[in-house]
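**Q** This is the structure I want to talk about, given as structure tokens.
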């Protein structure tokens, strides 16, 4: 097996970064002309791999290298090329370019199975309000109609976007895959968190992908004059809200050894004036974990705090559930293979969970699936400052290549 | 002395409420055509009082009834006719209509001193960003230039507004009054808080007017992915902010027996997304009281909390002072006169502080000044639902009339 060609990997990542680049970062939204142009450019660059290129009914792209036995289920790898607005150069792109580099490394190897690289469409939720649309449709989760339901005013819905780009939304079922369609699916990705960057470990082997439970906590007190209302006459919705922000933090901290996290990302105060006691406060909460029981424990703690604070502060509090998904366990067998590879190559690693969602979540419904993380600087992602070093990228690709070599001959 | 004519008082309050009324409340901004029209209408209604009407250089209006000795300093009463956006019918208007009703009640009385009713301009800060402009200029506090500094984009500044309405801003110094220009100044007002409404007392005699100290607390943590950042890797600016919201509440509660209150009215979270840990939070704080030492104690407690939380949560916190005014003590002698009147008439009362600012704050710099509050329903003010009952209004006017009768013969 050949070594990682760092120069080629860098050239491809940088080349793709040019599509949608401005001084505010990279904006290459799903199905945009930049998205299509980036994919077209990439396929031209790797023409020497002589892969068979096919697209499904909604534009997911499959690049296939044959194996000795073309009847065997292929080993699949992949990720996505679309970005958030003002994003970075590595999220998604690394998994596509890394998978293609694996094919270069295995170019002279005889493999039993075919190997396929998948470029998923619309992984980011920026354009249509839904994430991982391409892999969801492959896994039979949701339809173009559903993914059109969050369309922004004056912008094309997902269905309209498909039509504009020559796809027939009614054909989407042709893109749905059967269970067992691949031998396995492997995704290389930057961590998008700072664990590996801070611990110095080179590889993260993902055990579970967390599922977000998202809800609003709405606190209703009484808006009063900030000067004319004595402290003991108040029903300050924000004071109650502050107690709940801390309760959310505490509930997740108590469950943190089980990988559960919780965040209040948004606070809305009404009327929101410096001289009026807040009468209504809305907290937007994101609770995630990989252990359903732990998530449930945290949710129960939060609900207890809601009852307690409502009584203590004489305010009305309601919890409005937005989404509540189940965490996705990845393949233990594949994780074991990655662990063995790291041990053999003396690469430091950590078995960890993914707090962010990925296409691998849905592929896991179809076939044994695994993910490998590499560190990204300061954990920064979805941001122009997103960065992964060439050394860390090379290690990630090396591990991926070794796994594919093994699995394609199994 | 004649009795309060409740029918006339109601008719005048309702009549004024018609200027600027819509289904969203009453909007009669300072110097607007509604403001001028309301004053013109009111003067027509009370023409039978045969008052001498004068205006100063910025439009404060003085309605004078002569006394036996026109050389003596007049007893002055008054308030304002302008409203906030979408305000109510009583704030300001009660003090003007009530003072005029006092003149009706005293119509057949011989008084030593003249009595004047002042209609102040621009008490509300809605239009120009500064409150009590009319009384500030009378007291020599600030200039039209200063009051133009917060002008809104595409709207007339205070100076431009003066010119548009036929006043010359350069003449403003002619409106400045000398110390001792009146015997005293008395203002009748709704409480704008819920103390009297909840205790059932009929009259509030104001001892001090609170001064606001306003500042921003800026918390800088680190914005991270809400799913991919374990609880112990976080520097969540909002968690630190929540601790400070509670610290502000506690600091004021500890000083509440000294009349100090504090409110966080606005919270800004950045980036403000459900899936991002807040990296920056700004709290807008309004701290008020009537006791400078107590305000200082509360401020010290808040500063201690700021240091403690910055260390505990490893975040950067800065306090940005916006305004810091001194509380204004009102006349004790006048308060005693009001107390005696209430006792004599068996009217329940409470000696209390005003959390809200009023024109009386600035008149107190010129002459002995007092304020009388009446209850308003649920403490609601600056709102279409603002309401004071005819019975409570009549009691307030009766007390005011008795005081004027007494003081105008002193």
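The values are calculated or read from the model by the stated rules, or taken from the named source; none is laboratory data. None of the values given here were measured: they were computed from a predicted structure. Note: ideal-geometry Cβ built from the backbone for every residue, glycine included; neighbour counts use all protein chains shown.
**Q** Which of the numbered conditions does residue B:312 fail, given that it passes all the others? Conditions: (1) within 18 Å of the chain's Cα centre (by Cα); (2) within 14 Å of chain A (Cβ to nearest Cβ); (3) not in a loop (DSSP other than H, G, I, E, B).
**A** It fails just one condition, (1).
**Q** Of all residues in the range B:281-299, count the ones that are under 21 Å from residue B:220 (Cα atoms) and away from every other protein chain (no Cβ under 13 Å).
**A** Looking only at that region, the number is 1.
**Q** OK, next. Going by the structure shown, is residue B:310 surrounded by 21 or more Cβ atoms within 10 Å (Cβ to Cβ), modelled with pLDDT of 95 or more and outside the structural domain of residue B:366 (by TED's automatic domain parsing)?
**A** no
**Q** Oh, and also: May I ask you to say which residue of B:58, B:16 is part of a loop (DSSP other than H, G, I, E, B), buried (at least 20 other Cβ atoms within 10 Å of the Cβ), in the same structural domain as residue B:191 (by TED's automatic domain parsing) and in contact with a helix residue (DSSP H, G or I) (Cβ under 7 Å, 6 or more places away or on another chain)?
**A** Sole residue among the options that is part of a loop (DSSP other than H, G, I, E, B), buried (at least 20 other Cβ atoms within 10 Å of the Cβ), in the same structural domain as residue B:191 (by TED's automatic domain parsing) and in contact with a helix residue (DSSP H, G or I) (Cβ under 7 Å, 6 or more places away or on another chain): B:58.
**Q** Quick one: residue A:326 ticks every box in (1) surrounded by 15 or more Cβ atoms within 10 Å (Cβ to Cβ); (2) under 19 Å from the mean Cα position of the chain (by Cα) bar one, so which box is it?
**A** For residue A:326, the exception is condition (1).
**Q** Here is a list of conditions, (1) more than 18 Å from residue A:174 (Cβ to Cβ); (2) without any contact (Cβ under 8 Å) to a residue 60 or more places away in the chain, and residue A:132 meets all of them except one; can you say which number that is?
**A** It fails just one condition, (2).
**Q** Could you pull out the residue among A:251, A:242, A:237 that is at pLDDT 95 or above, more than 9 Å from chain B (Cβ to nearest Cβ) and under 18 Å from residue B:250 (Cα atoms)?
**A** When all the criteria are applied, what remains is A:237.
**Q** Right, something else. So, restricting to helices (runs of 4 or more DSSP H) that lie completely within the range A:329-410, which ones have at least 1 residues that are within 13 Å of chain B (Cβ to nearest Cβ) and in contact (Cβ under 8 Å) with a residue 40 or more places away in the chain?
**A** Hits in the range A:329-410: A:360-366.
**Q** Among A:357, A:396, A:379, which is at pLDDT below 95 and within 15 Å of residue A:186 (Cα to Cα)?
**A** A:357
**Q** May I pose another question? Among the residues of the range B:199-219, are any in contact (Cβ under 8 Å) with a residue 60 or more places away in the chain, out of contact with any strand residue (DSSP E or B) (no Cβ under 9 Å at 6 or more places or on another chain), surrounded by fewer than 22 Cβ atoms within 10 Å (Cβ to Cβ) and not assigned by TED's automatic domain parsing to the domain that holds residue B:303?
**A** Among the residues of the range B:199-219, at least one is in contact (Cβ under 8 Å) with a residue 60 or more places away in the chain, out of contact with any strand residue (DSSP E or B) (no Cβ under 9 Å at 6 or more places or on another chain), surrounded by fewer than 22 Cβ atoms within 10 Å (Cβ to Cβ) and not assigned by TED's automatic domain parsing to the domain that holds residue B:303, which makes the answer yes.
**Q** Can you report the number of residues in the range B:19-48 which are touching a helix residue (DSSP H, G or I) at 6+ places or on another chain (Cβ under 8 Å) and in a helix (DSSP H, G or I)?
**A** Result for the range B:19-48: 4.
**Q** May I pose another question? Would you check if there is a residue in the range B:155-163 being within 30 Å of residue B:404 (Cα to Cα) and either touching a helix residue (DSSP H, G or I) at 6+ places or on another chain (Cβ under 7 Å) or in contact (Cβ under 8 Å) with a residue 12 or more places away in the chain (or both)?
**A** No, every residue in the range B:155-163 fails to be within 30 Å of residue B:404 (Cα to Cα) and either touching a helix residue (DSSP H, G or I) at 6+ places or on another chain (Cβ under 7 Å) or in contact (Cβ under 8 Å) with a residue 12 or more places away in the chain (or both).
**Q** Right, next: If I filter the range A:315-327 for residues that are within 14 Å of chain B (Cβ to nearest Cβ), at pLDDT 95 or above and over 19 Å from residue A:256 (Cα atoms), do I get at least one hit?
**A** yes
**Q** Out of the range A:203-234, which residues are at the interface with chain B (Cβ under 7 Å from one of its Cβ atoms) and within 25 Å of residue B:274 (Cβ to Cβ)?
**A** A:210, A:212, A:214
**Q** Condition first: under 16 Å from residue A:373 (Cα atoms) and at pLDDT below 95. Now tell me which residues in the range A:73-114 satisfy that.
**A** none
**Q** For the range B:328-347, how many residues meet the condition of being more than 26 Å from residue B:263 (Cβ to Cβ) and touching a strand residue (DSSP E or B) at 6+ places or on another chain (Cβ under 7 Å)?
**A** Within the range B:328-347, residues that are more than 26 Å from residue B:263 (Cβ to Cβ) and touching a strand residue (DSSP E or B) at 6+ places or on another chain (Cβ under 7 Å) number 7.
**Q** When the range A:252-268 is examined, which residues are found to be free of Cβ contacts under 8 Å to residues at least 60 places away in the same chain and either closer than 19 Å to residue A:208 by Cα or surrounded by fewer than 24 Cβ atoms within 10 Å (Cβ to Cβ) (or both)?
**A** Of everything in the range A:252-268, those that are free of Cβ contacts under 8 Å to residues at least 60 places away in the same chain and either closer than 19 Å to residue A:208 by Cα or surrounded by fewer than 24 Cβ atoms within 10 Å (Cβ to Cβ) (or both) turn out to be A:252, A:253, A:254, A:255, A:256, A:257, A:258, A:260, A:262, A:265, A:266, A:268.
**Q** Kindly list the number of the only condition in (1) in contact with a strand residue (DSSP E or B) (Cβ under 9 Å, 6 or more places away or on another chain); (2) surrounded by fewer than 21 Cβ atoms within 10 Å (Cβ to Cβ) that fails for residue A:246.
**A** (1)
**Q** Can you pull out the residues in the range A:288-327 that are touching a residue at least 40 places away in the same chain (Cβ under 8 Å), in contact with a strand residue (DSSP E or B) (Cβ under 9 Å, 6 or more places away or on another chain) and farther than 13 Å from residue A:213 by Cα?
**A** A:306, A:309, A:310, A:313, A:315, A:316, A:317, A:318
**Q** Say whether the condition of being more than 18 Å from the chain's Cα centre (by Cα) and under 28 Å from residue B:131 (Cα atoms) is met by at least one residue in the range B:369-384.
**A** No, the range B:369-384 has no match at all.
**Q** Also, quick follow-up: So which residues in the range A:254-276 are at the interface with chain B (Cβ under 7 Å from one of its Cβ atoms) and either touching a strand residue (DSSP E or B) at 6+ places or on another chain (Cβ under 6 Å) or within 24 Å of residue B:295 (Cβ to Cβ) (or both), if there are any at all?
**A** Matches in the range A:254-276: A:261, A:263, A:264, A:265, A:266, A:267, A:269, A:272, A:273, A:274, A:275, A:276.
**Q** Where in the range A:170-281 are there strands (runs of 3 or more DSSP E), lying wholly inside it, with at least 2 residues that are farther than 24 Å from residue A:130 by Cα?
**A** A:203-209, A:211-220, A:261-270
**Q** Another one. Are any of the residues in the range B:184-196 over 16 Å from residue B:269 (Cβ atoms), surrounded by fewer than 19 Cβ atoms within 10 Å (Cβ to Cβ) and either facing chain A (nearest Cβ under 10 Å) or touching a strand residue (DSSP E or B) at 6+ places or on another chain (Cβ under 7 Å) (or both)?
**A** Checked the range B:184-196: no residue is over 16 Å from residue B:269 (Cβ atoms), surrounded by fewer than 19 Cβ atoms within 10 Å (Cβ to Cβ) and either facing chain A (nearest Cβ under 10 Å) or touching a strand residue (DSSP E or B) at 6+ places or on another chain (Cβ under 7 Å) (or both).
**Q** I would also like to ask the following. Would you mind finding the one in A:71, A:86 that is surrounded by fewer than 20 Cβ atoms within 10 Å (Cβ to Cβ) and either within 30 Å of residue A:407 (Cα to Cα) or not assigned by TED's automatic domain parsing to the domain that holds residue A:384 (or both)?
**A** After ruling out the rest, the residue left standing is A:71.
**Q** Determine, yes or no, whether residue B:69 is part of a loop (DSSP other than H, G, I, E, B) and closer than 16 Å to residue B:5 by Cβ.
**A** So residue B:69 does not fit the description; no.
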